[in-house]
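A.B. asks: There's a structure below that I have some questions on.
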Amino acid sequence: MDRVATLELRQLPSSKAGWPALRDSTRTGIWKYRPVLNVAERVEDVSLGEGDTPIVPLTRWGSEQGLQRVLAKLEYMAPTGSFKDRGAAAVIATLVADGASAIVEDSSGNAGAAMAAYAARAGIHAQIFVPESAPLAKRSQIAGYGAEVVAVPGSREDVAAAARVAADMGGVAYASHARHPAFVEGTKTFGFEMASEMRADPPRHVIFPVGNGGLLLGVWKAYRELEAAGFDVRLPKLHAVQARACAPLAAAFEAQESRPLPVTSIPTRAGGVAVGRPARGSEVLNAVRTSGGSVLSVTDDEAQAARVDVARLEGLDLEFTTAVAFAAVRLLRHSGSMGAADVVVVAATGSGLKDPPG
C-alpha cells in the first residue's frame, strides 16, 4: 500500500442541523466525530482517549511577542505525548478492518510511538523503523509498547525506504503516517475541536511545525468541509514552520513553486520535521496558499530560545520540534504578518519529556 491522501472533501450535514449533528454522543475522543470522518462503516474504533486537548492562553509569552491573544492547543497531552495519536488511531483502526495482523511504519519518533501504541491496543504486531539519531527517550517509548524497533543509519528518507522494503516483502501492512489517507481523517478532528470551541473568538492564524504536514492538512480539510456545509467559520491563515536545516517546503514557498524543492539536509535537533521529500508536500503548499498563510523556517538556536521562554513564562514543556512553531511567532509578528490583536493558535504538538533539554 502506498496511498497518499487526496484530501477530497467529505460532505458534512448541513449547518442547519447544528454542531451536534457532527458528533456521536455515544463516543469519545476523535471518534465522537465519527459521523464526519471518511472511514468505512466496517471500521471499529481503536482508541486510547486521544483528542479533546485543551486550548490555553499564553498571556505572558504572547505579550513578549507583541501579541494580545496567543493560545496553544496542547496536543502533547495525547496518550503517547503527541498529535500523532489522532492519525494513528484512524490508521490502525482502518488497517485492522482490512485484515492486518502486523504493521510497518517509519518515523523519527512520535508517529512510531503512536502507531506502536495503537497497534498494541488493537492486538497486532508493529515494526517501527527509526533514524539512528532518534532520541533515546522516543526509541525506548516505542519499544515499551512491544514494538520491534529498527534503527536505520542515514537520512529520514533512508528510513522511509527501509520501511517500504519491509512492507513490500508481504505479510504486513504499511501504516505510513505520511501516506495513508486515514491519518488526515484523524488529524481533521483537531480542526473540528478548534472551530467548535472558538466560535465566539475564532483564530486568525494557526501555526504548525511541519515535516509531512499531516496536522496542517487535517485542519485545512476540517475548515473547508465546515465552510462547504454552511457553518459560520472562516479558514484561518495556516503557517507551516520548518527547521532551517531541512526546509524543502519553505524553499518552494519562497520560490513560488508548487512542489517541494530538493534540499541538502544538515543535522538538526528538530528531527520530527526533518523530512527532505514530504509525500504530501504539494498539498501542504496548496493549503497554505489558499488560506493566505506562509511557510517559513527557523534555526535551531531560535527554536531553543523559544522553548526556554515558553517554559519559563508559561510552564509548557515543549519538544524541540514543537518549539520551531513557537519560534516562528516572533518572525511573523515582526514581519507584519500578524496584527497585535489577531487571535493566534500554536499547535503544541509534542511533549518535552520525549526530548529532554541537553
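The values are calculated or read from the model by the stated rules, or taken from the named source; none is laboratory data. All values reported here derive from a predicted model rather than from experimental measurement. For neighbour counting, all protein chains shown are included, and Cβ atoms are generated from backbone atoms with ideal geometry for every residue, glycine included.
A.B. asks: Among the residues of region 320-327, is any over 22 Å from residue 63 (Cβ atoms) and at pLDDT 95 or above? Don't jump to the end; show me each part of the working.
C.D. replies: Residues of region 320-327 that are over 22 Å from residue 63 (Cβ atoms), as a first pass: 320-321.
Retained after the next criterion (residues that are at pLDDT 95 or above): 320-321.
Yes, some residue in region 320-327 is over 22 Å from residue 63 (Cβ atoms) and at pLDDT 95 or above.
A.B. asks: Okay, moving on. Just give me the residues in region 10-33 being in contact (Cβ under 8 Å) with a residue 12 or more places away in the chain and exposed (fewer than 14 other Cβ atoms within 10 Å of the Cβ), in sequence order. Before you say what the answer is, go through the steps one by one.
C.D. replies: Here is the first cut: in region 10-33, the residues in contact (Cβ under 8 Å) with a residue 12 or more places away in the chain are 10-16, 19, 21-23, 27-33.
Of everything in region 10-33, those that are in contact (Cβ under 8 Å) with a residue 12 or more places away in the chain and exposed (fewer than 14 other Cβ atoms within 10 Å of the Cβ) turn out to be 11, 14, 16.
A.B. asks: Would you confirm, using the coordinates I've provided, whether residue 292 is of a type in the set (Gly, Ala, Ser) and closer than 25 Å to residue 134 by Cβ? I'd like the intermediate steps shown before the answer.
C.D. replies: Values: of a type in the set (Gly, Ala, Ser): yes; closer than 25 Å to residue 134 by Cβ: no.
When the stated conditions are applied, residue 292 does not pass them.
A.B. asks: Now a separate question. Filter region 85-139 down to residues that are under 17 Å from the mean Cα position of the chain (by Cα), at pLDDT 95 or above and basic (Lys, Arg), then give me how many there are.
C.D. replies: Within region 85-139, residues that are under 17 Å from the mean Cα position of the chain (by Cα), at pLDDT 95 or above and basic (Lys, Arg) number 1.
A.B. asks: Would it be correct to say that residue 111 is in contact with a Lys or Arg (Cβ under 8 Å, 6 or more places away or on another chain) and either buried (at least 18 other Cβ atoms within 10 Å of the Cβ) or under 20 Å from residue 317 (Cα atoms) (or both)?
C.D. replies: Values: in contact with a Lys or Arg (Cβ under 8 Å, 6 or more places away or on another chain): yes; either buried (at least 18 other Cβ atoms within 10 Å of the Cβ) or under 20 Å from residue 317 (Cα atoms) (or both): yes.
It is true that residue 111 is in contact with a Lys or Arg (Cβ under 8 Å, 6 or more places away or on another chain) and either buried (at least 18 other Cβ atoms within 10 Å of the Cβ) or under 20 Å from residue 317 (Cα atoms) (or both).
A.B. asks: Still on this structure, I have one more. Keeping to region 22-38, report how many residues are under 14 Å from residue 225 (Cα atoms) and either modelled with pLDDT of 95 or more or not in a loop (DSSP other than H, G, I, E, B) (or both).
C.D. replies: Kept after step one, since they are under 14 Å from residue 225 (Cα atoms), are these residues of region 22-38: 22, 33, 35-38.
If we keep only those that are either modelled with pLDDT of 95 or more or not in a loop (DSSP other than H, G, I, E, B) (or both) as well, we get 22, 33, 35-37.
Total satisfying the criteria: 5.
A.B. asks: Conditions: (1) under 20 Å from the mean Cα position of the chain (by Cα); (2) surrounded by fewer than 24 Cβ atoms within 10 Å (Cβ to Cβ); (3) among the charged types (D, E, K, R). Residue 307 meets all but one. Number of the miss?
C.D. replies: (2)
A.B. asks: Can you give me the number of residues within region 119-178 that are assigned to a helix (DSSP H, G or I) and free of Cβ contacts under 8 Å to residues at least 60 places away in the same chain? Walk me through it before giving the result.
C.D. replies: The initial filter retains those residues of region 119-178 that are assigned to a helix (DSSP H, G or I), namely 119-122, 136-144, 156-168.
With the extra rule that they be free of Cβ contacts under 8 Å to residues at least 60 places away in the same chain, the set shrinks to 119-120, 136, 139-140, 142-144, 158-163, 165, 168.
Total meeting the criteria: 16.
A.B. asks: Another question, if that's okay. Residue 271 is checked against (1) under 19 Å from residue 110 (Cβ atoms); (2) modelled with pLDDT under 95; (3) more than 16 Å from the chain's Cα centre (by Cα) and fails just one. What number does that condition carry?
C.D. replies: Only one criterion is unmet by residue 271, namely (3).
A.B. asks: Next question. Restricting attention to region 179-193, report how many residues are in a helix (DSSP H, G or I) and surrounded by fewer than 24 Cβ atoms within 10 Å (Cβ to Cβ). Write out each step before concluding.
C.D. replies: Initially, region 179-193 is screened for residues in a helix (DSSP H, G or I), giving 181-193.
Next, only the ones that are surrounded by fewer than 24 Cβ atoms within 10 Å (Cβ to Cβ) stay: 181, 193.
So the count comes out to 2.
A.B. asks: Can you tell me which of (1) more than 30 Å from residue 339 (Cβ to Cβ); (2) over 21 Å from the mean Cα position of the chain (by Cα); (3) surrounded by fewer than 22 Cβ atoms within 10 Å (Cβ to Cβ); (4) modelled with pLDDT of 95 or more is the one residue 79 doesn't meet?
C.D. replies: (2)
A.B. asks: Here is a follow-up. Determine, yes or no, whether residue 46 is more than 21 Å from residue 216 (Cα to Cα), at pLDDT 95 or above and surrounded by 23 or more Cβ atoms within 10 Å (Cβ to Cβ).
C.D. replies: On the way: more than 21 Å from residue 216 (Cα to Cα): yes; at pLDDT 95 or above: yes; surrounded by 23 or more Cβ atoms within 10 Å (Cβ to Cβ): yes.
Yes: the conditions hold for residue 46.
A.B. asks: Quick check, is residue 330 farther than 24 Å from residue 261 by Cα, over 18 Å from the mean Cα position of the chain (by Cα) and buried (at least 21 other Cβ atoms within 10 Å of the Cβ)?
C.D. replies: Numbers: farther than 24 Å from residue 261 by Cα: yes; over 18 Å from the mean Cα position of the chain (by Cα): yes; buried (at least 21 other Cβ atoms within 10 Å of the Cβ): no.
The answer is no for residue 330.
A.B. asks: Kindly establish whether residue 199 is surrounded by fewer than 23 Cβ atoms within 10 Å (Cβ to Cβ) and either over 18 Å from residue 321 (Cα atoms) or over 17 Å from the mean Cα position of the chain (by Cα) (or both). Walk me through it before giving the result.
C.D. replies: Details: surrounded by fewer than 23 Cβ atoms within 10 Å (Cβ to Cβ): yes; either over 18 Å from residue 321 (Cα atoms) or over 17 Å from the mean Cα position of the chain (by Cα) (or both): yes.
Considered against the rule, which asks whether it is surrounded by fewer than 23 Cβ atoms within 10 Å (Cβ to Cβ) and either over 18 Å from residue 321 (Cα atoms) or over 17 Å from the mean Cα position of the chain (by Cα) (or both), residue 199 comes out as yes.
A.B. asks: Something else: If I filter region 281-302 down to residues being touching a helix residue (DSSP H, G or I) at 6+ places or on another chain (Cβ under 6 Å) and outside any helix (DSSP H, G or I), which single residue comes out as surrounded by the most Cβ atoms within 10 Å (Cβ to Cβ)?
C.D. replies: Within region 281-302, the match that is surrounded by the most Cβ atoms within 10 Å (Cβ to Cβ) is 298.
A.B. asks: Follow-up. Exactly one of (1) within 20 Å of residue 73 (Cα to Cα); (2) buried (at least 18 other Cβ atoms within 10 Å of the Cβ) is unmet by residue 271. Its number?
C.D. replies: Result: residue 271 passes all but (1).
A.B. asks: Check off (1) within 22 Å of residue 196 (Cα to Cα); (2) free of Cβ contacts under 8 Å to residues at least 40 places away in the same chain for residue 68 and give me the number that stays unchecked.
C.D. replies: Condition (2) is where residue 68 drops out.
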